[in-house]
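Take a look at the structure set out below.
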Amino acid sequence: MSFVAHRGLRSGSCPQIVKGQCDLPVFVCFRGETASKRQEGGAIASLNAQKTEIRHSSFVTNTARDVGGALFSEHTKSIIVFNCSLDSNTAKQGGAIFTTNFYAEKSNAMFLIHNCILSNNKATVSGGALNLRNTTADMSHCMCLNNSSPLGGAAVFQGSHFTFKISHTKFMTNGGQGRTTKAGGIWVAAAAVFRLEHSDFVNNVGGVGGALMITATTTKITSCTFHLNAAHFIGGAIFAAAPSRMLVTNSLFKANTAEIGGGAVALQDSECCIQNCSFEGNTAVQSGGALTASVAERRLDLRFYNNSFVENKALAGNILSFSPTNEDANLHGHINILKMSFTYNGSVISYTPQIRRDMTPTLFATDATNFTEENSQYASGLLLTKPESFSSVL
């Protein structure tokens, strides 16, 4: 069964759903469900449907006491939101939209949102605009503006073991409601694969991960821009937490800041490959003006290829900071830096083993790396070896 809201009761008008008062019912229910006392879906609730489509519609200042300020979807096999505006909606989780499907493995549930504007939505827990659970999701050609949540995913929270893709989407001025917020823009937790392509993140603010936080997820980021994002602690643009694997290519990190470490990127117990990227003018107060990486439970496996670093700074003195905290990371991990360019950055690399300083340090490989214009050379304590052949961690 499909629900298509593409026009209002008056010819040519769009349905305006304002504070749950309109010519459409407050809830649209499927299969005879009663919604009068539900706490989900301030405007629309889609329950146990084969297909739900919402097109050319506006959802403004709707409220749900629990989840899905404008739209709640449960056990719906396919949901499409196309060319809609969702503004100033509120809920505990999913200020604008909340989707969940406990039987997603059997039904291959799919959530698609395209060409939509999500602005000024607020969640009091997580997912300021979108909170997606147990659903394969695809988001494209959207704009997320000024959404907020205190826990994480000020614009988008996605938690499931399914694929999530975002492309050609802008995230601007989204932020948490406190210094402990995880991800000012997107928080992806335990997805099978997260793909982020051709998208821009500008002026987002979070506690960790000003624009993006990923946990326990394989992530591929391609042709994205991270500009003027800020973290109160680490990861001005991106924070990746264990056990994540991340590949970043052809992307720009510019003027992002972190109050502690990783002005652009912070990694914790995560494998990472960064290639063909530019880091310009990123800043951290303590260490890792461009990037910081720490490891406690996994080996340190980082690969950097054909990147440029220009005028990145950390007040503690380095732009790349590595801190292994266990013996396995020191003895068996790898840091490969190949064909890099460093210009006007100050001290470049810091390696700080914190277990035994007499151990063999992490393997460090360089090849055709160019240090120019007032860059310091390597910090002490590194073992320089013959380069290994370059390969992605993903």
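FYI, it's all coordinate maths here, none of it is from the lab. Please read these numbers as outputs of a predicted model, since none were measured by experiment. With ideal geometry, Cβ positions are generated from the backbone for all residues, glycine too; neighbour counts draw on all protein chains shown.
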What's the exposure ranking of T249, T90, going from fewest to most Cβ atoms within 10 Å? T249, T90
I need C272, C142 ordered by Cβ neighbour count within 10 Å, fewest first. C272, C142
Pairwise label distance in nanometres, E53 with I117, each label 7 Å out on the Cα-Cβ vector: 2.4
Potential extension, K170-N306 segment - 0.36 nm per residue separation minus Cα distance: 46.3 nm
If we count every other residue with Cβ under 11 angstrom of C273's Cβ, Lys/Arg +1 and Asp/Glu -1, where does the sum land? +1
Going fewest to most other Cβ atoms within 10 Å around each Cβ, T76, T225, T283 line up as T225, T283, T76
If I model a spin label at A192 and L252 as a point 7 Å from the Cα along the Cα→Cβ vector, what separation in nanometres do I get? 3.5
May I ask which of K182/K313; K92/K170; K122/K313 have a Cα-Cα span longer than 26 Å here? K122/K313
If you find the alpha carbon centre of the range 106-180 and of the range 181-196, how far apart are they in angstrom? 9
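Find how much the distance from R65 to N83 grows on full extension, using 0.36 nm per residue of separation minus their present alpha carbon separation; answer in nm with one decimal.
Working: separation 18, 0.36 × 18 = 6.48 nm, distance 2.59 nm.
This chain segment gains 3.9 nm when fully extended.
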